[in-house]
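Data first, discussion second: the structure below is written as structure tokens.
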Amino acid sequence: MPQIIFLPHPELCPDGAVTEAENGESVLDVALKNGIDIEHACEKSCACTTCHVIVREGFDSLAESDELEDDMLDKAWGLEAESRLSCQAFVKDEDLVVEIPKYTINMVSENH
């Protein structure tokens, strides 16, 4: 069973976390079931960037992003070559090391 190692994030997981994932499970779902409350304003429909993560290790084991995800990622704060939307990044058979960016862009909460 692959592991996802979440690097420390000051608010969401200050000590970091080592989690187990099922093959085919999204990085976001693994985080949520382990108490790491990554924001997902669009309810996992690939319509925002609030669940943006950076895959520091294991990036190449993920299926390639599609055009919709790439278009959304272009709007993400702190975009890097290894950026993915965690709702669209599905675990295969390799361990991952994931960084949750310090900031997200949430148009809904920022406009109110």
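Here, each number is a calculation from the coordinates, and none is a lab measurement. Predicted, not measured: the structure shown is a model, and the values here were computed from it. Here the Cβ positions follow ideal geometry from the backbone for every residue, glycine too, while neighbour counts run over all protein chains shown.
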Provide, as a two-decimal number, the C-alpha radius of gyration of the range 3-68 over 2.2 N^0.38 Å, N being how many residues it has.
1.11
Cα to Cα, under 15 Å, and not fewer than 8 places away if on the same chain: which aspartates and glutamates meet these conditions relative to residue 102?
11, 15, 37, 39, 80
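How would you order 65-73, 40-48, 84-92 from highest to lowest mean count of nearby Cβ atoms within 10 Å? Spell out each step's value before the answer.
Details: 65-73: 14.0, 40-48: 15.9, 84-92: 22.8.
Per-residue Cβ counts within 10 Å, averaged per peptide and sorted highest first, yield 84-92, 40-48, 65-73.
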Looking only at the chain, where both bridge partners belong to it, what percent of the DSSP beta bridges are antiparallel (to the nearest 5)?
80
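Take the alpha-carbon positions of the chain, form their convex hull, and give its projected area averaged over all directions (one quarter of the hull surface) in nm². Walk me through the numbers on the way to the answer.
Values: hull surface 25.6 nm².
That works out to 6.4 nm², a quarter of the Cα hull's surface.
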Using the Cα atoms of the range 30-86 to build a convex hull, what is its mean projected area in square nanometres?
4.1
Relative to a virtual label point 7 Å from the Cα of residue 105 in the Cα→beta-carbon direction, which members of the range 73-90 show backbone nitrogen distances below 13 Å?
73-80
